[in-house]
Amino acid sequence: MPLSKIIFSTLRKKINSTSAQIAVVGLGYVGLPIVNLIQKKKYNVIGYDIDKKKINLLQNKKNYIPYLKLNFSKKVKFSFEIKDIENTDIIIIALPTPLKNKKPDLNNLEIFVRKFGDNFKNKLIIFESTSYPGTTREYLIEKLKKKNLIAGKNIFYSFSPERINPGENENNLNKIPKIISGETENCKSLIKLFYSKIFETVYISKNIETAEFTKILENVFRAVNIAFINEIKYLADPLNVNLIDAIEGAKTKPFGYMPFYPGPGIGGHCIPVDPLYLTWKAKKIGLRTRFINLSEKINQENVDKILKFIINQKKNFKKFKILILGVSYKKNIDDVRESSSVKLMQNLQKKKIKYDYCDPYIKKLKKDVLKINLNNKNINYKQINYKKYNISILMTDHDKFNYSQILNKSKLIIDTRYKYMKMNISNNKIKNL
């Protein structure tokens, strides 16, 4: 039997018998939930990350993602030593792929590929990180060809975009349909076999580039529709329209409509970032992404309009201070990535407008990440004196907030989430923005 068939057959047997050793590279919002899911399926898994603080916490059975119910079983180990994952059979890459100056920054992936080098041999590689179509080919397949690693022979390349919704589905990822694809039929066969044992439903894309495109397509769809509702919301008041009632009415249509709700902008790693991967790639091949560009502009304008309203109110008061309610980009989580609240804070600081903030899920904001003056107080949500503030701005509609108290004790409320309209409450001191 040819060596390539032996390698392929051996991996199949290991996957079927659950004796395959799995490594997850990158233990952030994507990687750690994947580790948690795989170990529940009776596979041994090693979580690898270069962040020693993360590894030390995990080795001491401490979890830094509060809404993930992490099971510290004998099936899982954690390490910051790359040698500990050299002899594994399957490598799942879930490294950060941020933007830098609106361009993909794939430095984390490039460094790992270079360091791991020859150790990729005879393994199934599953790339989960979001990036532009062509990333898997450029950063894995083409680069590892130089090491005589041939797809479908002595290495098996696949891509499967993550579909994690922070605070919502980390604990039942297996129920979320999983997109998969591979470079060759053998590659597709192995990832299908493995992920069919992990996830309830798998969908095989025609090729890796299509699977990569699918992830960005999902998030461009959301970015564009969020921008649409955030633009059209300013028509509601002048036309005597209750926007939430209009949305609720429209969603009774059983076809051709999906509800999106107004907010202060977009946040998180996916919606503000993923569409720009496609914009960048489009420019490379001489095309334009007009909808994406417009939606990015509209979603950024929301914070500008909030700031403009605040500045106009400030003219009426000698002493002026505002309270920002909610810093995370969406409710009931502690994730501040690309948060509109942070952008508002940065703008308030530039305008020298005093503010405090309150978020029951965030203990401390990191100055180096947020680039704002952290002398502003983080107020305990149970001890807020609303009368101290000229404006209370509801940026994130956490369930822990006491909305009756906010309404009764605040002087003026900017409701960016239309929370009170959803509660069917109207009041002259509520301004929907």
Report summary line: Convex hull around the C-alpha positions of the chain: the volume in Å³ per residue is 160 Å³
Report summary line: Rounded to whole angstrom, the alpha-carbon centroid of the stretch 36-111 lies from that of the stretch 207-268 at a distance of 33 Å
**Report entry** Taking SER295, SER73, SER426 and counting other C-beta atoms within 10 Å, the order from fewest to most
**Finding:** SER426, SER73, SER295
Report summary line: Measuring from its Cα centre, the stretch 223-432 shows a charge dipole (+1 at each Lys and Arg Cβ, -1 at each Asp and Glu Cβ) which, in debye to the nearest 20, is 1040 debye
Query raised in the report: Dimensions of the stretch 3-206 along principal axes (Cα, Å, largest first)?
Result: 44, 43, 32
Report task. Mind checking the full-extension length gain between LEU239 and GLU138? Use 0.36 nm per residue of separation minus the Cα-Cα distance, one decimal, nm. Result -> 31.2 nm
**Report entry** Total charge dipole magnitude, the stretch 248-314, about the Cα centre, Cβ charges on Lys, Arg, Asp, Glu only, Debye to nearest 20
**Finding:** 260 debye
Query raised in the report: Given Cα pairs under 8 Å that are at least 6 residues apart, what percent is the relative contact order of the chain?
Result: 11 percent
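In square nanometres and to one decimal, what's the mean projected area of the convex hull around the Cα atoms of the stretch 257-296?
3.6 nm²
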Query raised in the report: Which value in nm describes the separation of the simple spin-label points at GLN21 and PHE309, placed 7 Å from the Cα toward the beta carbon?
Result: 5.8 nm
Report task. Please give the length that would be gained between ASN427 and LEU294 if that part of the chain were fully extended, namely 0.36 nm times their separation in residues minus their C-alpha to C-alpha distance (nm, one decimal). Result -> 44.6 nm
Query raised in the report: Taking LYS146 as the anchor, which lysines have their alpha carbon closer than 19 Å to its alpha carbon, excluding any fewer than eight residues away along the same chain?
Result: LYS115, LYS121, LYS123
Query raised in the report: Mean residue ellipticity at 222 nm from the helices of the chain, using -39,500 (n - 2.57) per DSSP H segment of n ≥ 4 over the full residue count, to the nearest 500 deg cm²/dmol?
Result: -11000 deg cm²/dmol
Query raised in the report: Which of GLY117, THR136, PHE78 sits farthest toward the positive end of the charge dipole of the stretch 66-170, with +1 on the Cβ of Lys and Arg and -1 on the Cβ of Asp and Glu?
Result: GLY117
Requested in this report: Assign one of three labels to the stretch 223-432, namely rounded, prolate or oblate, based on the Cα gyration tensor with a ≥ b ≥ c the square roots of its eigenvalues; rounded applies when a/c is under 1.5, prolate when it is not and a/b is larger than b/c, and oblate otherwise.
Outcome: oblate
Query raised in the report: Does the stretch 68-189 come out rounded, prolate or oblate by the C-alpha gyration tensor, with a ≥ b ≥ c the root eigenvalues, rounded set by a/c under 1.5 and, if not, prolate when a/b is larger than b/c and oblate if not?
Result: rounded
Report task. Determine which aspartates and glutamates satisfy two conditions relative to LYS343: a Cα distance under 20 Å, and not lying fewer than 8 residues away in the same chain. Result -> GLU231, ASP274, GLU296, GLU301, ASP304, ASP334, ASP335, ASP356, ASP359, ASP368, ASP397, ASP415
**Report entry** Distance in nm between pseudo-label sites at ASN101 and ASN87 (7 Å out along the Cβ direction from Cα)
**Finding:** 4.5 nm
**Report entry** Among beta bridges that DSSP assigns inside the stretch 3-206, antiparallel share in %, nearest 5
**Finding:** 15 percent
Query - Relative counts (whole %) of C-alpha pair distances in the stretch 154-208, using bins that are 10 Å wide - result: 26, 50, 21, 3
Report summary line: With label points set 7 Å from each Cα along the Cα-to-Cβ direction at ASN207 and GLU185, the distance between them in nm comes to 1.7 nm
**Report entry** Segment LYS62-ASP399, extension gain: residue separation times 0.36 nm, minus the distance between their alpha carbons
**Finding:** 118.8 nm
Requested in this report: For the chain, give the share of DSSP beta bridges that are antiparallel, in percent and rounded to the nearest 5; count only bridges with both residues there.
Outcome: 10 percent
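Given charges of +1 on the Cβ of Lys and Arg and -1 on the Cβ of Asp and Glu, with all other atoms neutral, how large is the dipole of the chain about its Cα centre, in debye to the nearest 20? Could you put the intermediate results ahead of the total?
Details: 80 positive and 38 negative charges, 259 e Å.
The dipole magnitude comes to about 1240 debye.
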**Report entry** Per-residue Cβ neighbour rank within 10 angstrom, fewest leading, LEU95, LEU307
**Finding:** LEU307, LEU95
Query raised in the report: By per-residue mean of other Cβ atoms within 10 Å, what is the highest-first order of 20-30, 251-261, 135-145, 60-70?
Result: 20-30, 135-145, 60-70, 251-261
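Bear in mind that the values in this text are calculations on the coordinates, not laboratory data. Keep in mind that what you see is a predicted model, and the values were worked out from it rather than measured. Note: ideal-geometry Cβ built from the backbone for every residue, glycine included; neighbour counts use all protein chains shown.
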